[in-house]
Amino acid sequence: MQLCNISLCNKHSYLVDRAFWGKESEKARTQELMLAVLSGFFKFCLDEDYIQRTLTKTRWRPKIPQSLPKFLNEHELAQVRIQAEKMSLQDRSLISFLLSSGCRRSESVGLDLGDLDIEERTARVMGKGKRPREVHFSEETAFLLKDHLTNRTDPHLPLFISKFKKRMGTQGVYLICRKLGLKSGLPQNLSPHMCRHTFATNLIARGSELEFIGGELGHKDLNVTKIYAKIPSEQLMREYNKRME
């Protein structure tokens with residue numbers, strides 16, 4: 001037991017030194033991961049009585065800067081819309097719904113026909129934590145969905161179906177978005193969550209209140225929504241810097 005403790009202490013010293021004073025290329029997130037792994041390991045050792053006390057401190061963990069959400073700018077969004085016109089009616093309806101409602105992909109594939117009110121352009125979705133909410137979508141999306149649902153009247157049928165005639169899965173939504181992003185020539189992958197971020201940043205740019213945006217996105221905590229408030233100023237600064245180069 002004593003030899004084990006000495007060995008653990010030596011390894012602890014090395015790994016903590018590596019986390020704090022390792023390569024300069026190791027970013028804060030890498031340091032955070034290393035310390036998280038160490039904390040988990042030492043918790044196990046403490047539970048198994050290999051050590052007498054926890055050897056890491058929460059205060060040692062680096063402060064991780066909050067990254068801004070990735071979203072489509074005006075030009076990229078136009079490219080996506082142009083390419084979407086070449087897709088099947090269902091896929092085009094799905095993309096339009098994601099961009100104009102801000103729904104998560106899991107919320108979108110969970111929709112049945114009976115959850116839609118096309119005339120009012122609203123949908124009842126089941127969000128995280130089984131919290132239902134009402135979302136809104138654009139007039140263009142309503143037209144596409146109306147055409148997509150021609151001859152489908154059973155309110156219990158899935159809104160979006162796979163090629164196997166079953167409810168579309170979340171992976172299917174991801175692949176449709178990724179394929180569209182590649183055809184649109186985007187510099188980054190297009191994901192369903194990027195559509196969600198694009199929806200939110202467009203609302204911010206148009207002067208919508210954070211409370212309204214948080215409600216549409218299904219955020220339980222308004223602090224989560226506040227990250228979008230930083231994006232327009234970041235955009236303006238980048239455009240200003242480009243013009244000054």
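Every read-out reported here was derived from the displayed coordinates using simple, explicitly stated rules and does not represent laboratory data. It should be emphasised that the depicted structure is a prediction, and the values quoted were computed from it without experimental measurement. In this analysis, Cβ positions are derived from the backbone assuming ideal geometry, glycine residues included, and neighbour counts consider all displayed protein chains.
Output the residues belonging to the range 111-126 that are touching a residue at least 40 places away in the same chain (Cβ under 8 Å) and under 15 Å from His156 (Cβ atoms). Selection gives Leu111, Asp112, Leu113, Gly114, Asp115, Leu116. If I filter the range 113-152 down to residues being hydroxyl-bearing (Ser, Thr, Tyr) and under 19 Å from Arg196 (Cβ atoms), which single residue comes out as surrounded by the fewest Cβ atoms within 10 Å (Cβ to Cβ)? Among them, the one singled out is Ser138.
Please tell me if Pro155 is surrounded by fewer than 19 Cβ atoms within 10 Å (Cβ to Cβ) and touching a Gly at 6+ places or on another chain (Cβ under 8 Å). So Pro155 passes the test.
In the range 150-177, the residues that are over 14 Å from Ser88 (Cα atoms) form Cβ pairs under 6 Å with partners that are among the polar types (S, T, N, Q) and in a helix (DSSP H, G or I), at six or more places apart or across chains, as follows: Thr170/Ser106.
On the basis of being touching a helix residue (DSSP H, G or I) at 6+ places or on another chain (Cβ under 8 Å) and not hydroxyl-bearing (Ser, Thr, Tyr), does Leu144 make the cut? Yes; evaluated as a whole, the condition is true for this residue.
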